[in-house]
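**Q** I have a structure here, written as structure tokens, and I will follow up with some questions on it.
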Amino acid sequence: MNFQEIILGLQNYWARQGCIIQQPYDVEKGAGTMNPATFLRALGPEPWNVAYVEPSRRPTDGRYGENPNRLQHYYQYQVILKPSPDNVIDLYLNSLKELGIDPDEHDIRLVEDNWESPTLGAWGLGWEIWLDGMEVTQFTYFQQCGGFDCYPVCAEITYGLERIAMFIQNKESVFDIEWVDGISYADVHHQGEVDYSHYNFTYADVSTLMTMFTLCEKEALQVADQQLVLPAYDYVLKCSHLFNLLDARGAISVTERTAYIGRVRNLARRVAAEYLEQRKRLSYPLLKDERLRKQVLTEEEAK
Amino acid sequence: MAKDLLLEIGVEEMPSAYMPGAISNLQELAEERLQEARLSWQQLKVYATPRRLVLYVEQLAESQPDSQLENRGPKKQMAFDENGNPTKACQGFARGQGVAVEELEIREVGGVEYVFAVKNLVGKPAQQVLPDILAGLITALPFPKSMRWGYFHTRFPRPIRWLVALFGDQIIPMQIENLVSGRTTWGHRFLGRESIDIADAGDYMQKMALHYVVLDQEMRRDMIWQQVQEAAAQVGGVPMENPDLLEEINYLLEYPTAFTGSFSESYLQVPEEVLTTSMIAHQRYFPVYDRTGQLMPAFIGVRNGDGEHLDTVRAGNERVLRARLEDALFFWNEDNKKPLEDFNQGLPEVLFQERLGSLQRKVQRVTAIALYLCQETGWGDPELVKRAAWLSKADLLSSMVYEFPELQGIMGRYYARNSGEDPQVAEAIFEHYLPRFAGDQLPQSDIGALLSLAEKLHNLVGCFCIGIKPTGSQDPYALRRQALGVVHILLERESNIDLEQVLRQTYREFAEVGPDLDEDAAVREVLDFIWQRLKGVLADHSFTYDVIESVMAVPTGHLLDVYTRVQKVQEFKTTDRFDDFMVVFNRSHNLSKKWEQVEVQVDALEDNTEQELYQQFLAVRSRVMVPTNYYDMLTDLASLRPYLDRFFEAVMVMVDDKRLKENRLSLLRGIAELCRQVADFSKIVQ
């Protein structure tokens, strides 16, 4: 099974489970969780089932294309099921079968892993899922997002696509993954890893990035004041990515680090609050079940 | 009549670390609730796997016993008037109790007669009280961290997915959120796909065994260890004994099958600790040693499943470990490319604590403290102490420790040796983290001990003076462990260094920080904190609390001195001189408690008994002024008894003549104070 067949397999499988198949979001981000289809939609009472591929950037993980297991740009496959269904683990295990991985022929282990993102003011409990000793998926029940309690709670399933591909194709290096006949992962991404590593570690201009961070922070707040949720959130994502770049560049001292994280978290909280207000003003259009919506609205009145 | 009770809480995979606690909590809670409900049983057991928490009660009574409820009312004389008619009070009591006045009984309590309402209660059937009890158990179980799921508000460490509650063959009906209890359960997640109906609680164990669930955690643990040993024997080795790892694996699976894997011998050039950490902490494998104790290029993994397709599982695991070891080898080679000292260039960029600044500042302070200690103790060569302190945190900047934080100190020692540092310096870099946990080894070398003390005292004083103190279960900087380390190191090395002076010196290193506490307060708080740990250590050594308290009531900065005094007082307490001594102390102390003078005027000593007592007192005092054995000192003080007895027979202390009275009080005070140099004996339980 080549790389794109794996993605297509997951797309088809989760589409059959009733998920909206969304596309990657067009702002740089560190993980699929930061896509508004997760970060914002996880908030509030509305049900939401979605799946999408997310290109993710971790500037500090760049290794100039020399390490067989580390990339500064990689792919996640992200699934959000809200509220978390009772059979969510079975749904996940069946998705592995879709990829030709029969759980009966392997050792699959759910090992405790608690996830926390200080920049997003988010945390949840769940597992790393091990396939014959290799971590291939992160599974999290979101408890808080942007500092707000998640109710209902969603399940987040994050597949590490390269890891799964290496497992399925029995490759020792991520660059050897077969993307499609005759084209490898290296053909598509190797030069990018080299260039970005040079950029991230050496050539990114610190004072430019710092100025950009401050400008984006200002813009996020200015736009949030206008209750324009998504445009404001874009600038939160930009701040987060700029912070990661500055971090990779070694430009942020340990003392400043906490302060930067706090600044991004404040923005994330602010936008999360605006989003909740906005959905309420719209009286929760995705709460299609009238009875449930009335119940939610009455409960909110009572508060 | 009695039947077996089964409660199975079916969950998604629980954190393995929670399970030992969950087992004992459920056991205690269930015993407590069933006792409260007056339901007797024969045996109560709790079983746990990652997917289920099971309460099994053998022979639980089918009903509560009948009982009598007796409530006391007014006194008889208040309840009936002179004609024997019930008063208003009596009628009110009967009405309140729901019994007729004629049914009230008269009983005597402590010689007084009262009216009593006696009601016979028919015991309720267990079937009726169990639903609330069982549901209550689930909601009352405490866990370190819990979560919500779906649309529900119930909290548990992971979602609950099914509930089995059977009393014999009867379902105990209850509901938690959308889950209604029943008789349907599930076997192993992969090997036992179909749901299973349990007809009778008694069938449960057998059904579980049939569907690949080794329910009993002790049996499962033995099974795993047996398999691991056999697997290791197949490659001619023995597995590392690691109870923590075994315990963790035990709660990661329901049906164990151990398998052997191997890795290339070329990785054996990486230090053993790196390889074993990778195997244990990252992959939960048992490392394997050959008969001579050498690490073998092999590992034992334990799969959650049977022996089918074991080759696939092995190959997958070998590949994952290979990738990790390849990384480790890379880090090892990279780190060794430059001398250890070069890593120190990164120290200013690593924060130790927000207010206490970078690791660079910390290293500078620790160096100063270590040098002061070196001068006070005479341990080690100051130049080497300085060098070891300067390099003590360098390995934190290495790639290997970045990847494997638990190897701090261990890597530092390797890198120091490879960089040609003095062997004492290399050893001290490792030893300064000791002891890392309760029961861990203590630093053996002089410089290691010195540096370990300096680091710990630095952290204690630094944290205390900016308001970071352990509260309840919160101790993020592990200050309790570090204070305990200080105690153990000083005791083991029998060092009589004055801790108070050391703490003062340490405090002065923090001037730049702008401490919240002034020097006296900081030193007092840290010293108290260390003394609290010392109390614990003394109690562990079976010294009694009264002895510990009495010794510690005499303030000092010398830890070893406290220990010695406790030891000697305890020893002296068992001798026949102890009673004499206590008489001396009590008689002199009790009368002069509020007197503060000790100056005796010789010309005011009227009676020859008081002159004699004074002479003896002077003799004892001059003997004990020379640093002496506390035991001898107490014996010596006990010898004052006959003189003191004669003194009290001959004279009155509290006489009208102010001059005589005060002089006698001063004499007594002097004796009492001499006793109190060892301990405050008024706290001793005789």
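**Q** With r as the distance between the Cβ atoms of residue A:278 and residue B:561 and R0 = 60 Å, compute the FRET efficiency 1/(1 + (r/R0)^6) and round to 0.05.
**A** Efficiency computed from Cβ-Cβ geometry: 0.30.
**Q** Give the separation of the Cα centroids, segment B:542-580 to segment B:422-453, in Å.
**A** Their Cα centres are 30 Å away from one another.
**Q** What number, rounded to the nearest 500 deg cm²/dmol, is the helix-based mean residue ellipticity at 222 nm of the protein assembly as shown, given -39500 (n - 2.57) per DSSP H run of at least four residues and division by all its residues?
**A** Result for the protein assembly as shown, helices only: -15000 deg cm²/dmol.
**Q** Can you tell me the Rg and Dmax of segment B:270-382, counting just the alpha carbons, in angstroms?
**A** Rg then Dmax for segment B:270-382, in Å: 21.5, 66.
**Q** Still on this structure, please answer the following. Provide the packing ranking of A:68-77, B:194-203, i.e. peptides ordered by the mean count of other C-beta atoms within 10 Å per residue, highest first.
**A** In descending order of packing, they fall as A:68-77, B:194-203.
**Q** Among the GluC sites (Glu not before Pro) within segment B:65-129, which fall in a DSSP loop and have no more than 15 other Cβ atoms within 10 Å of their own Cβ?
**A** Here the GluC sites (Glu not before Pro) that fit, given the DSSP loop and packing criteria, are B:82.
**Q** Relative contact order (percent) for segment A:66-221, with alpha-carbon contacts under 8 angstrom and 6 or more residues of separation?
**A** 21
**Q** Accessible surface of residue A:105 in the full protein assembly, 1.4 angstrom probe, to the nearest 10 Å²?
**A** 70
**Q** Can you tell which of B:616, B:170, B:527 lies farthest toward the positive end of the dipole of chain B, using +1 and -1 charges on the Cβ of basic and acidic side chains (Lys, Arg; Asp, Glu)?
**A** B:170
**Q** State in Å² the accessible area per residue of segment B:585-686; use a 1.4 Å probe, count heavy atoms of protein chains only, and round to the nearest integer.
**A** With the other protein chains kept in place, segment B:585-686 gives 54 Å² per residue.
**Q** So, one more: Explain nothing, just the number: relative contact order of chain A, from Cα pairs under 8 Å at least 6 residues apart, as a whole percent.
**A** RCO, chain A: 20 percent.
**Q** Determine the shielding of peptide A:109-115 by partner chains: average, over its residues, the number of Cβ atoms on other chains within 10 angstrom of each Cβ.
**A** 6
**Q** If you don't mind, there's one more thing I want to ask. With the calculation restricted to Cα positions, what are the radius of gyration and Dmax of segment B:562-683 in angstrom?
**A** 14.1, 44
**Q** Also, quick follow-up: Given the protein chains as shown and a 1.4 Å probe, how many square angstrom of residue B:675 are accessible, to the nearest 10?
**A** Around 0 Å² of this residue is reachable by solvent.
**Q** Cut-off under 16 Å on the C-alpha distance; same-chain residues fewer than 8 positions from residue B:573 excluded. Which lysines are left, in chain and number order?
**A** B:683
**Q** Now for a different question. What list of ³J(HN,Hα) values in whole Hz, one per residue of segment B:222-239 in order, does the Karplus curve 6.51 cos²θ - 1.76 cosθ + 1.60 (θ = phi - 60°) give from phi, with Gly and Pro shown as x?
**A** 4, 4, 4, 5, 4, 5, 5, 5, 5, 4, 5, 4, 4, 9, x, x, 10, x
**Q** Where the centroid of each part is defined by its Cα atoms, how far is segment A:62-93 from segment A:230-247 in Å?
**A** 21
**Q** How would you classify segment B:340-468 from its alpha-carbon gyration tensor, with a ≥ b ≥ c the square roots of the eigenvalues: rounded for a/c under 1.5, else prolate if a/b is greater than b/c, otherwise oblate?
**A** rounded
**Q** Please calculate the 1.4 Å probe accessible area of residue A:223, with all protein chains present, and give it to the nearest 10 Å².
**A** The value for residue A:223 is about 20 Å².
**Q** Label segment B:545-594 by shape, choosing from rounded, prolate and oblate, from the square roots a ≥ b ≥ c of the eigenvalues of the Cα gyration tensor; if a/c is under 1.5 it is rounded, and otherwise prolate applies when a/b is larger than b/c, oblate when it is not.
**A** It comes out oblate by the Cα gyration axes.
**Q** Turning to a different aspect of this structure: Charges at C-beta only: +1 for Lys and Arg, -1 for Asp and Glu. How large is the resulting dipole of chain B about its Cα centre, in Debye rounded to 20?
**A** 1180
**Q** Report relative contact order for chain B in percent, whole number only (criteria: Cα-Cα under 8 Å, sequence separation at least 6).
**A** 7
**Q** Sort A:140, B:564 by heavy-atom solvent-accessible area, probe 1.4 angstrom, most to least.
**A** My answer, sorted largest first, is B:564, A:140.
**Q** Just the Cα atoms of segment A:180-303, one point each, no solvent: what log10 I(q)/I(0) does Debye give at q = 0.12, 0.15, 0.16, 0.18 Å⁻¹?
**A** With one equal scatterer per Cα and no solvent, log10 I(q)/I(0) is -0.66, -0.81, -0.85, -0.94.
**Q** Under 19 Å Cα-Cα from residue B:207, which aspartates and glutamates qualify once same-chain neighbours fewer than 8 residues away are excluded?
**A** B:4, B:8, B:58, B:169, B:194, B:197, B:216, B:218, B:254, B:306
**Q** Reported to two decimal places, what Rg/Rh ratio describes the protein assembly as shown when computed on Cα atoms with Rh from the Kirkwood expression?
**A** Here Rg/Rh amounts to 1.06.
**Q** Can you pick out the pairs among A:29/B:337; A:238/B:469; B:393/B:469; B:145/B:469 whose Cα atoms lie more than 30 Å from each other?
**A** A:29/B:337; A:238/B:469
**Q** For peptide A:134-143, how many partner chain Cβ atoms fall within 10 Å of a residue's Cβ, on average?
**A** Partner Cβ neighbours, averaged per residue: 3.
**Q** With a 1.4 Å probe and all protein chains in place, put A:280, A:294, B:207 in order of accessible area, largest first.
**A** Ranked list, largest accessible area first: A:294, A:280, B:207.
**Q** Which FRET efficiency value, to the nearest 0.05, do you get for residue B:417 and residue A:203 by plugging their Cβ-Cβ distance into 1/(1 + (r/R0)^6) with R0 = 51 Å?
**A** Taking R0 as 51 Å, the efficiency between residue B:417 and residue A:203 is 0.85.
**Q** Rank these by accessible area, largest first, 1.4 Å probe: B:52, B:155, B:161.
**A** B:155, B:161, B:52
**Q** Another question, then. If the cut-off is 20 Å between C-alpha atoms, which lysines fall inside it for residue B:119, apart from same-chain ones fewer than 8 positions away?
**A** Counting by Cα, and skipping residues close in sequence, residue B:119 has these lysines nearby: B:75, B:76.
**Q** Is the C-alpha gyration tensor of chain B telling us rounded, prolate or oblate? Criteria: a/c under 1.5 is rounded; beyond that, a/b larger than b/c is prolate, otherwise oblate.
**A** Taking the square roots of the gyration eigenvalues as a ≥ b ≥ c, chain B is oblate.
**Q** Follow-up. Across segment B:522-539, in residue order, what do the Karplus-derived ³J(HN,Hα) couplings come to in whole Hz, using 6.51 cos²θ - 1.76 cosθ + 1.60 with θ = phi - 60° and x for Gly and Pro?
**A** Working through the residues one at a time gives 4, 5, 4, 5, 5, 4, 4, 4, 5, 4, 4, 5, 4, 4, x, 5, 5, 5 Hz.
**Q** Using a 10 Å cut-off around each Cβ of peptide B:302-312, what is the average number of partner chain Cβ atoms that fall inside?
**A** 3
**Q** Could you go through segment A:39-47 in sequence order and give the Karplus-derived ³J(HN,Hα) for each residue, using 6.51 cos²θ - 1.76 cosθ + 1.60 with θ = phi - 60°, rounded to whole Hz, and x for Gly and Pro?
**A** Once θ is set to phi - 60°, the couplings for segment A:39-47 become 4, 7, 5, 5, 8, x, x, 7, x Hz.
**Q** Could I ask something else about it? Could you work out how far the C-alpha centroid of segment B:43-66 sits from that of segment B:196-213, in angstrom?
**A** Centre-to-centre distance over Cα atoms comes out at 15 Å.
The values are calculated or read from the model by the stated rules, or taken from the named source; none is laboratory data. Just so you know, these numbers come straight off a predicted model, no measurement behind them. Every residue, glycine among them, receives a Cβ derived from its backbone with ideal geometry; neighbour counts consider all protein chains shown. The area values use the complete protein model at the heavy-atom level, side chains included, leaving out ligands, DNA and RNA. Shrake-Rupley method; radii C 1.70, N 1.55, O 1.52, S 1.80 Å.
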